[in-house]
Amino acid sequence: MKKKLDRRETVKSLLLGGVAGGLVLQGCQPGAESDTKSETAEEQVPGGGYGRTEEEMARDQALKEQEFLTAHELATITVLCDIILPADENSGSATDAGVPDFIAFIVKDMPYHQVPVRGGLMWLDHESNSRFGKKFVDCTAADQVAIIDDIAYPDKVDPGLSQGAKFFSLMRDLTMTGFYTTKIGIDDLGFVGNIPNVWDGVPDEVLKEQGLEYDQEWLSKCIDQSTRDKMPEWDDEKNLIG
Amino acid sequence: MQIKEQSTQYDVCIVGSGAGGGMAANKLAEAGLKVALLEAGPFFDPAKPEYQTQLKWPWESPRRGAGSTRAFGDFDAAYGGWEIEGEPYTRKNGTEFDWFRSRMLGGRTNHWGRISLRFGPLDFRRGDYDGRGDNWPISYDDVAPYYDKVDKMLGVFGSKENLPNEPDGYFLPPPKPRLHELHYIKAARKANVPVIPSRLSILTRPINKQRGVCFYCRQCSRACRVYADFSSSTCLVIPALEGNNIDLYTNAMVREVTTDENGKATGVSYINKEDLQEYQVKAKTVILAASACATARILLNSKNTRHSNGLGNSSGLVGKYLHDSTGASRSGFVPALMNRKRYNEDGVGGMHVYTPWWLDSKKQDFARGYHIEVWGGMGMPSYGTGFGVSEMNRFVRDATVGGYGSKLKEDARRFYGAVVGMSGRGECLAREDNYCEIDPNVVDKYGIPVLRFHYTWSDDEVKQAKHMQDTFEEILTNMGAELLGNKPGPESQYGLAAPGRIIHEVGTTRMGSDPKKSVTNSKQQLHDVDNVYVVDGGPFVSQADKNPTWTILALSWRTSDIIIDNFKKMNI
């Protein structure tokens, strides 16, 4: 029978002790999904919700109050982000994951991105103006993709468009990192950690698939997780005897 | 918590609450001495929600955990970094040294890999072994009983291996290797490089009722809310504060050791960072544990007519023999790890396996040796995840680099967890001409003269880094990996990290029996001033290829016992 603990309960139980050992004995793993509501509740604690010092909170706040990207720039970024990571059968789009807001913040946090991003967006509008007589956001989807196709494959770019390719690679990196650091992205990636659990080695089927195995000598040194609640005892030769 | 002016005469005043200071505070208070513990930063306790970063998700940080505010990212527990606003340091003659400071309760024990290695018998007598430096005035046998006690008090997992220069401890059982670590073991062994379970101060089983057991979130660097890993704040200082023998002064930036007309220390003076006023703490004994370089700075700044060269500096060696570990890394993309089945492989906050130094140093073209740390796996995404993922397509037949759309999501999924890397951490020779001194022209925002560094790598360290790169390449190749980036060559000193980057600097108040050739004696007591002790990494004569924390703890406990003994004798 599977006993399900949510993240908060599990942490609480581990704090009190005992439960984690129980998890092993029952062969249960806590559910991987997190409760976003409890996360929101946690953000109410002092420290800005993620352990900030006063100075760090002030810096975060100052950055949030600043504006760098213009509405037009942000609109262009939004189009680009969703070309880079559209919604599909596996997960939502970059804008579903709030990537444009992330980029708007990160260029303030890391000012060295400012010229490449702003200049790259200007480059893009210049390119679409010369090809289609319109700014990039005003082009049809087909025209937008026609430009992107020419700058999206760094190994096959016409030398005359190399700066555009460099800009697109930057946008791809920022979009990817903005996406995979959200719940939508993490679920798509299949990361199932960041939750209290009891590590007891690589699953057997994975070992088999990889053609690997634990050797017995090594395993004999490792923790037997049924003893994880037990105080250790050693003999004078430093052998763990209990 | 903040006490402004005190008339209390303390038995002991301790400067710094990291490994050395925390241990001394804990032991001296336990013995009933009245202790003033001064910390240059704020209070910190990861059991309290306002300090917690553990188990947070990347989106809880607007920069997704990037390092633009904290050096190792928003979620790292350590405040501070290589640059601290208003607290500069300088460098001499175009040389390099990066100085990491963590101003907070527990100091830099809030940022470390929990790698807890004992120095071996050979590490205490390098002078005899290769003549490239000096012996320590103490041997492994002097320190061993304290290593034993530290193991039992603070907990370390590992395995009994009976290796000659990698002494075993009282180990808790280690966790099983992760998948990429199994690949590493196989590939390293094929290259005749041994691998053993790592030795980290993380509790896989309980050692007392105050601390919880590891719940395998891989986030020791974020500080553990159940105290399942060692840091000085959670395991030494906070428990000791429950007694009544310690007054903790936070945000107290020590300027100098004060002395009387006989040249004896009377306490310390400090700047209270909150009101920017200067105060004095009076104590019968002063223990410096501010970190190797910060302690040297305090001693050099404690200049007066009796100590014209700085306190304890009749040898002129305070600040000299500064040495940090060498470090170099390489990584590779392992096709066998593509399209991995998902499961939680967080494990503990660090590697589960490692390679201790395995060769005969005398047969190499460089001095001493290094150990290898291995990393990889399906880690939690943070800022940087997804950068250049598509580049990995270069290694896959018929695949295209770049692009957009669902293809990118497919790339992210199939390449996730397929990169494995290794880092070498080695011993640097201790040299008199690597040093820190007081910059005659610069003060920090508290008006305290700052340090100026002079540091170069010698040919030995460069050749050691070359050996690391050759070894990494061989092991990664054995793993079937495609090596990422170009192999670092002589133009980059084989990828040797800048001095200070590994954050293991020691040696600035080195111990010895000859007061002309050393700053402290075998008790870590200043030769020149018998009521001042140094219990950080400063007294290290040589550094070994081992992380210094466990040795700092053992030596600090040993010195604390000596001090307790002195007090008992005086009282009787």
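For region B:197-207, give me each residue that is outside any strand (DSSP E or B) and within 8 Å of chain A (Cβ to nearest Cβ). Listed by number, the residues that qualify are B:T204, B:R205, B:P206, B:I207.
Against the numbered list (1) under 17 Å from the mean Cα position of the chain (by Cα); (2) open to solvent by less than 10 Å² (accessible area, probe 1.4 Å), B:V519 comes up short only at (1). Residues in region A:201-226 that are open to solvent by 10 Å² or more (accessible area, probe 1.4 Å) and in contact (Cβ under 8 Å) with a residue 60 or more places away in the chain: A:S226 only. For B:I563, the conditions (1) in contact with a Lys or Arg (Cβ under 9 Å, 6 or more places away or on another chain); (2) open to solvent by 40 Å² or more (accessible area, probe 1.4 Å) are fulfilled apart from (2). Going residue by residue through region B:316-329, is there one that turns out to be within 14 Å of chain A (Cβ to nearest Cβ), touching a residue at least 12 places away in the same chain (Cβ under 8 Å), in a strand (DSSP E or B) and surrounded by 21 or more Cβ atoms within 10 Å (Cβ to Cβ)? Scanning region B:316-329, I find no residue that is within 14 Å of chain A (Cβ to nearest Cβ), touching a residue at least 12 places away in the same chain (Cβ under 8 Å), in a strand (DSSP E or B) and surrounded by 21 or more Cβ atoms within 10 Å (Cβ to Cβ), so the answer is no.
Residues that are modelled with pLDDT of 95 or more, within 18 Å of B:Q219 (Cβ to Cβ) and either over 22 Å from the mean Cα position of the chain (by Cα) or in a helix (DSSP H, G or I) (or both) do not occur anywhere in region B:74-82.
All told, B:I138 falls short of being under 30 Å from B:D74 (Cβ atoms), surrounded by fewer than 24 Cβ atoms within 10 Å (Cβ to Cβ) and in contact with a helix residue (DSSP H, G or I) (Cβ under 9 Å, 6 or more places away or on another chain). With respect to the conditions (1) surrounded by 12 or more Cβ atoms within 10 Å (Cβ to Cβ); (2) within 22 Å of B:K160 (Cα to Cα), A:I241 falls short on a single one, namely (1).
If you take the residues in region A:227-238 that are open to solvent by 50 Å² or more (accessible area, probe 1.4 Å) and more than 7 Å from chain B (Cβ to nearest Cβ), which one is nearest to B:G384 (Cα to Cα)? So, considering only residues that are open to solvent by 50 Å² or more (accessible area, probe 1.4 Å) and more than 7 Å from chain B (Cβ to nearest Cβ), the one nearest to B:G384 (Cα to Cα) is A:E233. Identification of helices (runs of 4 or more DSSP H) wholly contained in region A:1-88 with 1 or more residues that are open to solvent by 40 Å² or more (accessible area, probe 1.4 Å) and at pLDDT 50 or above yields A:7-16, A:54-65, A:71-84. Restricting attention to region B:73-101, the residues being crowded, with 16+ Cβ neighbours inside 10 Å and within 14 Å of chain A (Cβ to nearest Cβ) number 11. In this structure, B:L37 qualifies as outside any loop (DSSP other than H, G, I, E, B), on the phi < 0 side of the Ramachandran plot and either in contact with a strand residue (DSSP E or B) (Cβ under 7 Å, 6 or more places away or on another chain) or open to solvent by 30 Å² or more (accessible area, probe 1.4 Å) (or both).
With respect to B:V534, determine if the residue is open to solvent by less than 30 Å² (accessible area, probe 1.4 Å) and under 30 Å from B:L28 (Cβ atoms). Criteria met by B:V534. Evaluating B:H467 against the criteria (1) surrounded by fewer than 23 Cβ atoms within 10 Å (Cβ to Cβ); (2) over 30 Å from B:L484 (Cα atoms) leaves one unmet condition, (2). The single condition among (1) surrounded by fewer than 22 Cβ atoms within 10 Å (Cβ to Cβ); (2) under 30 Å from B:R413 (Cβ atoms); (3) touching an Asp or Glu at 6+ places or on another chain (Cβ under 9 Å); (4) of a type in the set (K, R) that B:R342 does not satisfy is (3).
Checked against the criterion of being within 8 Å of chain B (Cβ to nearest Cβ), hydrophobic (A, V, I, L, M, F, W, C) and under 28 Å from A:N129 (Cβ atoms), the candidates A:A146, A:A152 yield just one match: A:A152. Of all positions in region B:515-529, at least one carries a residue that is closer than 26 Å to B:D151 by Cβ and in contact with a helix residue (DSSP H, G or I) (Cβ under 6 Å, 6 or more places away or on another chain). For the condition within 25 Å of the chain's Cα centre (by Cα), of a type outside the set (D, E) and either within 28 Å of B:E181 (Cβ to Cβ) or open to solvent by 40 Å² or more (accessible area, probe 1.4 Å) (or both), B:H454 does not qualify. If I ask for residues that are of a type outside the set (V, I, T), out of contact with any helix residue (DSSP H, G or I) (no Cβ under 8 Å at 6 or more places or on another chain) and closer than 16 Å to B:Y79 by Cβ, which ones from region B:214-234 would you list? Residues satisfying the conditions are B:S221, B:R222.
Only one entry in A:V198, A:V145 is open to solvent by 20 Å² or more (accessible area, probe 1.4 Å), of a type in the set (A, V, I, L, M, F, W, C) and at pLDDT 95 or above, namely A:V145.
Of the residues B:K341, B:K407, B:K362, only one is assigned to a loop (DSSP other than H, G, I, E, B) and among the basic types (K, R); which? Break it down into steps so the answer makes sense when it comes.
On the way: B:K407 fails: assigned to a loop (DSSP other than H, G, I, E, B); B:K362 fails: assigned to a loop (DSSP other than H, G, I, E, B).
Testing whether each residue is assigned to a loop (DSSP other than H, G, I, E, B) and among the basic types (K, R) leaves just B:K341.
Residues that are within 13 Å of chain A (Cβ to nearest Cβ): which helices (runs of 4 or more DSSP H) entirely in region B:116-192 hold 2 or more of them?
B:140-154, B:179-190
Let's see how each residue does on (1) within 11 Å of chain A (Cβ to nearest Cβ); (2) open to solvent by 10 Å² or more (accessible area, probe 1.4 Å); (3) at pLDDT 95 or above; (4) not in a loop (DSSP other than H, G, I, E, B):
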| position | (1), (2), (3), (4) |
| --- | --- |
| B:V213 | yes, yes, yes, no |
| B:S221 | no, yes, yes, yes |
| B:P239 | no, yes, yes, yes |
| B:N244 | no, yes, no, no |
| B:T258 | no, yes, yes, yes |
| B:N262 | no, yes, no, no |
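Among the residues making up region B:386-401, those that are open to solvent by 40 Å² or more (accessible area, probe 1.4 Å) and either within 7 Å of chain A (Cβ to nearest Cβ) or assigned to a loop (DSSP other than H, G, I, E, B) (or both) are B:F387, B:R397, B:D398, B:T400. Apart from one condition, B:V286 fits all of (1) more than 19 Å from B:G80 (Cα to Cα); (2) open to solvent by 10 Å² or more (accessible area, probe 1.4 Å); (3) part of a strand (DSSP E or B); (4) β-branched (V, I, T); the exception is (2). Within region B:106-114, is even one residue more than 9 Å from chain A (Cβ to nearest Cβ), touching a strand residue (DSSP E or B) at 6+ places or on another chain (Cβ under 6 Å), farther than 24 Å from B:V442 by Cβ and buried (at least 20 other Cβ atoms within 10 Å of the Cβ)? Within region B:106-114 (the criterion being more than 9 Å from chain A (Cβ to nearest Cβ), touching a strand residue (DSSP E or B) at 6+ places or on another chain (Cβ under 6 Å), farther than 24 Å from B:V442 by Cβ and buried (at least 20 other Cβ atoms within 10 Å of the Cβ)), the answer is yes, since at least one residue qualifies. Only residues that are touching a residue at least 40 places away in the same chain (Cβ under 8 Å) and open to solvent by less than 20 Å² (accessible area, probe 1.4 Å) were counted in region B:146-158, giving 7.
Checked against the criteria, B:L38 does not count as modelled with pLDDT of 95 or more, touching a helix residue (DSSP H, G or I) at 6+ places or on another chain (Cβ under 7 Å) and more than 9 Å from chain A (Cβ to nearest Cβ).
The values are calculated or read from the model by the stated rules, or taken from the named source; none is laboratory data. Just so it is clear, the structure is predicted and the values come from calculations on it, not from any experiment. Here Cβ is always computed from backbone atoms with ideal geometry, including for glycine, and neighbour counts include all displayed protein chains. Note: areas computed on protein heavy atoms with side chains; ligands, DNA, RNA excluded. Shrake-Rupley method; radii C 1.70, N 1.55, O 1.52, S 1.80 Å.
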